Amino acid sequence: MDTPNPVRHVHQKRSAATRDRILKVVTTLLDKGTYNDARVQDIVSLADCSVGAFYGRFVNKDAALYALYDNRCAALETDCKQLLRSDDEPLQVMLARYVALIIEHTTRHAPMLQAGKTIAKTKNSAPFTIRSRDMNMLIAKLMADLLARRQSEHMHVESERASMYVIGIVGSLIQSGMAQSGPPVDCADTINDFRTEMAKILHGYLGIG
């Protein structure tokens, strides 16, 4: 058996830490709306690393932006798998938890709303479009499977079609609300009101009693 190389592990940890610092800086720039004007030199200065360290991890500035986007997509995919594959609760509870999950992720990754506008201006937005499509297809499949398993709890007879509308309704309303007025969640009462109204929409669409 090979003996673990402690030097390699130290280098790997340092490399990961440098990458994390770069991504935190990019997140901050997005949050402030200054990403487009920032140069790589600006980013590495704020991240306390060298230009070489940056290019050793990302081919360009937009590659760092993509890394952030991919992290966000992967985190949402993981949480949706855990939630939507469960059969421990009634469908209406599952839907309420899904709404809460999307609110939480959208709030936590609020800078990515700004990134959406930024991505549209990049020279190559295709990777972002493909990643978004793959994530949405996965979540739609998870939701369709849930609705198919719980057919006795709702009246919509086409699970795949219904899943696309459920995801679209939740995603568009939450992102629209955040884009217009910031997070729809500045206090517990606001969160609960938003969830309640979303539940009414989904229950009406799916025919949940």
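Which entries in Lys24/Lys61; Lys141/Lys200; Lys32/Lys81 show an alpha-carbon gap greater than 21 Å? Working shown, then result.
Details: Lys24/Lys61 13 Å; Lys141/Lys200 23 Å; Lys32/Lys81 32 Å.
As for pairs spanning more than 21 Å Cα to Cα, those are Lys141/Lys200; Lys32/Lys81.
Got a sec? How would Ile169, Ile43 order by Cβ neighbour count within 10 Å, fewest to most? Before the final figure, lay out the partial values.
Details: Ile169 15, Ile43 23.
The fewest-first ordering by Cβ neighbours comes to Ile169, Ile43.
Figure the gain on full extension for Asn60 and Arg108 (residue separation times 0.36 nm, minus the Cα-Cα span) and round it to one decimal in nm. All intermediate terms of the calculation are to be shown ahead of the outcome.
Details: separation 48, 0.36 × 48 = 17.28 nm, distance 2.52 nm.
Stretched fully, the Asn60-Arg108 segment lengthens by 14.8 nm.
Report ³J(HN,Hα) in whole Hz for each residue of region 65-76, in order, from the Karplus equation J = 6.51 cos²θ - 1.76 cosθ + 1.60 where θ = phi - 60°; Gly and Pro get x.
4, 5, 4, 4, 5, 5, 4, 5, 4, 5, 5, 5
Convert each backbone phi in region 85-93 into a coupling constant with the Karplus relation 6.51 cos²θ - 1.76 cosθ + 1.60 (shift: θ = phi - 60°), then list the ³J(HN,Hα) values in order as whole Hz, x for Gly and Pro.
After applying 6.51 cos²θ - 1.76 cosθ + 1.60, I find 8, 7, 10, 8, 9, x, 4, 5, 6 Hz.
I need Arg149, Arg72 ordered by Cβ neighbour count within 10 Å, fewest first. Walk me through the numbers on the way to the answer.
Details: Arg149 14, Arg72 19.
Exposure proxy ranking, most exposed first: Arg149, Arg72.
Based on other C-beta atoms within 10 Å, arrange Leu101, Leu95 from fewest to most. List each step's numbers first, then the result.
Numbers: Leu101 17, Leu95 27.
Going from sparsest to densest Cβ surroundings: Leu101, Leu95.
In the neighborhood of Val44, defined by Cβ-to-Cβ distances under 13 Å, what is the net charge if each Lys or Arg adds +1 and each Asp or Glu adds -1? List each step's numbers first, then the result.
On the way: positive: Arg19, Arg21, Lys24, Arg39, Arg57, Lys61; negative: Asp42, Asp48.
Neighbour charge sum, excluding Val44 itself: +4.
All of the numbers you see were taken from the coordinates with simple rules; none came from a lab. In this text, all values refer to a predicted model and were calculated from it rather than measured experimentally. Backbone-built Cβ (ideal geometry, glycine too); neighbour counts: all protein chains shown.
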